[in-house]
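The values are calculated or read from the model by the stated rules, or taken from the named source; none is laboratory data. This is a predicted model, so every value here is computed, not measured. So basically every Cβ, Gly included, is an ideal-geometry build from the backbone, and we count neighbours across all protein chains shown. These area figures cover heavy atoms from the full protein model, side chains too; ligands, DNA and RNA do not enter into them. Shrake-Rupley method; radii C 1.70, N 1.55, O 1.52, S 1.80 Å.
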Amino acid sequence: MTMKNKTAHQIASVLTEALPYIQRFKNKVIVVKFGGNAMIDEALKHSFARDIVLMKSVGLTPIVVHGGGPQIGTMLKKLGKTSDFVDGMRVTDSETMDVVEMVLGGLVNKEIVNLINQNGGKAVGLTGKDGNFIRAKKIQFKKTAADSEAYELIDLGHVGEVTEIDTAVLDMLSQSDFIPVIAPIGVGDDGQSYNINADLVAGRIAEELNAEKLILLTNTAGILDKQGELLTGLSLSDIDALIADGTISQGMIPKTRCATDALKGGVTSVHIIDGRVEHAVLLELFTDQGVGTLLLNC
């Protein structure tokens, strides 16, 4: 059966549009934070895996960092344990940390590795404890009272922040045929495990590897204006203004702060894209229009 002319021209158009991007990004590091609906919906999971495999196949260097908050919550519920949250951060006692390590470092990480391998890639799962490559310390969280400058220190348990990234393991894997898949668990100087926000881990890894791009998958189309319209391109000054006037608020603030830190740390561009769209990563990387918000250091 021969291909219809219209279909053939559409396919050729897609391939020719992608070619200059493939050439430009060859051998460049692309850090992708995988989370949200894309981690739950079966079709989206497989399309994401195929995107990552294709990136590696055409000469890019993808590194995947994943979250897993809903999966952790589900497992804790099964075990009869409730979670408390402070400013979006899960209070993580020792028992909860055991569950976090089991879910993130085991169930979720190995599922993503398996998905990539099933789709023709060669993925290797890691946590920051492997080779101690994500060093961390406990977050000292200060909560300020609304009516004064006084604050109280709140103990979040095993919630941490990155202090150092040792890139040796990632360099070794990335320079081979392997695709690193990283669970955001760090290790302290005392050997304690720490649960770290996956966006922040992805951002720090992108900085340390001088990544070309940091891509954050979300459950929205990207950064939206007050009318709900997508903002397709933003600078650092734009972001500050949008936070100041309340356009960027709530859960989008940590993502944009992560983005701005990465840009200031040397990452060429950051993309906040809609993980609910099949093949969102490829569409953002290899098409002129893209599917999300592009942030640049300008």
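Looking at MET102, MET75, which one is touching a residue at least 24 places away in the same chain (Cβ under 8 Å) and open to solvent by less than 80 Å² (accessible area, probe 1.4 Å)?
Sole residue among the options that is touching a residue at least 24 places away in the same chain (Cβ under 8 Å) and open to solvent by less than 80 Å² (accessible area, probe 1.4 Å): MET75.
For the stretch 26-76, what are the residues that are over 21 Å from GLU278 (Cβ atoms), in contact with a Ser or Thr (Cβ under 9 Å, 6 or more places away or on another chain) and assigned to a helix (DSSP H, G or I)? Once the filter is applied, which keeps residues that are over 21 Å from GLU278 (Cβ atoms), in contact with a Ser or Thr (Cβ under 9 Å, 6 or more places away or on another chain) and assigned to a helix (DSSP H, G or I), the stretch 26-76 yields ILE72, GLY73, LEU76.
Residue pairs whose Cβ atoms lie under 8 Å apart, separated by 6 or more positions or on different chains, with the first residue in the stretch 11-28 and open to solvent by 60 Å² or more (accessible area, probe 1.4 Å) and the second outside any helix (DSSP H, G or I) and among the hydrophobic types (A, V, I, L, M, F, W, C), are ILE11/MET3; LYS26/VAL58; LYS26/LEU60; ASN27/LEU60; LYS28/LEU60; LYS28/ALA211.
Scoring THR92 on the criteria (1) touching an Asp or Glu at 6+ places or on another chain (Cβ under 9 Å); (2) among the hydroxyl-bearing types (Ser, Thr, Tyr); (3) buried (at least 17 other Cβ atoms within 10 Å of the Cβ); (4) at pLDDT below 95 leaves a single failure, condition (1). Can you tell which of VAL32, VAL65, VAL53 is of a type in the set (A, V, I, L, M, F, W, C), under 24 Å from the mean Cα position of the chain (by Cα), closer than 25 Å to GLY191 by Cβ and open to solvent by less than 20 Å² (accessible area, probe 1.4 Å)? Only one candidate qualifies: VAL65. Checked against (1) under 18 Å from the mean Cα position of the chain (by Cα); (2) without any contact (Cβ under 8 Å) to a residue 60 or more places away in the chain, GLU278 passes all but a single condition, namely (2).
Being without any contact (Cβ under 8 Å) to a residue 40 or more places away in the chain and either closer than 27 Å to ASN27 by Cβ or surrounded by 16 or more Cβ atoms within 10 Å (Cβ to Cβ) (or both) holds for only one residue in LEU217, LEU209, LEU263, LEU234, and it is LEU263.
Of the strands (runs of 3 or more DSSP E) contained entirely in the stretch 103-189, those carrying at least 3 residues that are within 19 Å of the chain's Cα centre (by Cα), modelled with pLDDT of 95 or more and farther than 21 Å from THR92 by Cα fall at 123-127, 179-183.
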